[in-house]
Structures are given as C-alpha cells and as structure tokens.
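Here the structure comes first, spelled out in structure tokens, and everything after it is commentary.
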Amino acid sequence: MSITNQGIKRIAELSKLSFKDSPQKSQDQISNFTKEFNSIIKMVDTLKKVDTSHIDPLEFAPNTQATLRPDAVMEEELQKELFSNYQGVDSDLAKKLQCFIVPKVIEIE
C-alpha cells in the first residue's frame, strides 16, 4: 500500500492542515509528506510480517505497583499565580473576579 500526493492533500484537507508559502514550496512539502507517510506505511507492513503466533498477549505489566499518595486536601493559594500571567483587555476584571474571560465560541441559532 502506498499513498499519492493527492491522498496527502485529501488527508490535509480533512484534518484542516494547510501547506503555506509559494505554490512550488507547497508542492515540495506535499512531496516530502508523501515520502515520509509511505516510509511509515512500509515500516508498518514490515511489522505485519513478523510472526507473533508463539507470543502470548500481554494483559498487564507484571510486578508493577501503582505509586500512591495520601488522599489529603492540600490548600494552596494558586489564584495569584494563575492570574499573574493573564493578559488581555479584560485582565484587570478577570483578576478581580478570579475567572478567565474568553470569547464566545458557540452561537445558538
């Protein structure tokens, strides 16, 4: 299996990626992506040929212990630190209200 430049363009379109700069540079980028993508597919095809019938599936990592910590409330004053880097037109209001002010992204019709 291999992929063509048209396939790469379609994948880029579906994933909302774009190739910028001049048309020639864009075509070079697409060609490079095609070569890289085909080398990945070739590597996966090579892995598919490996005989793993004699290997039992691994259900869990043996001899491991989850690192646990006490379930204790840790009161830390993080608000000042969180809002110290907040920038924008509403930064003073956001710091006063202790909330982030973000633009509306969903419109209900």
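FYI, it's all coordinate maths here, none of it is from the lab. What you are looking at is a predicted structure, and each value in this text was computed from that prediction instead of being measured. With ideal geometry, Cβ positions are generated from the backbone for all residues, glycine too; neighbour counts draw on all protein chains shown.
Brief remarks on what is shown
- About the centre of its Cα atoms, the chain shows a dipole size close to 660 debye [charges on the beta carbon of Lys, Arg (+1) and Asp, Glu (-1) only; nearest 20 debye].
- Helix-only CD estimate at 222 nm, as mean residue ellipticity for the chain, using -39500 (n - 2.57) per DSSP H run (n ≥ 4): -14000 deg cm²/dmol
- Maximal additional length on extending the S2-L17 stretch stands at 3.4 nm, based on 0.36 nm per residue less the C-alpha distance.
- Length available on full extension from A66 to S26: 0.36 nm per residue minus the Cα-Cα distance, which gives 9.6 nm.
- Relative intensity, log₁₀ I(q)/I(0), of the chain from a Debye sum that treats every alpha carbon as a point, q = 0.19, 0.23 Å⁻¹: -0.98, -1.26
- Relative contact order (percent, whole number), the chain, Cα cutoff 8 Å, 6+ residue spacing: 20
- For T34, the shell of other residues with beta-carbons less than 13 Å away shows a net charge of +2, using +1 for Lys and Arg and -1 for Asp and Glu.
- Taking Cα atoms only, the orientation of helix 23-48 departs from the longest principal axis of the chain by about 70 degrees.
- The label point for D92 and the one for K49, both projected 7 Å from the Cα toward the Cβ, are 7.0 nm apart.
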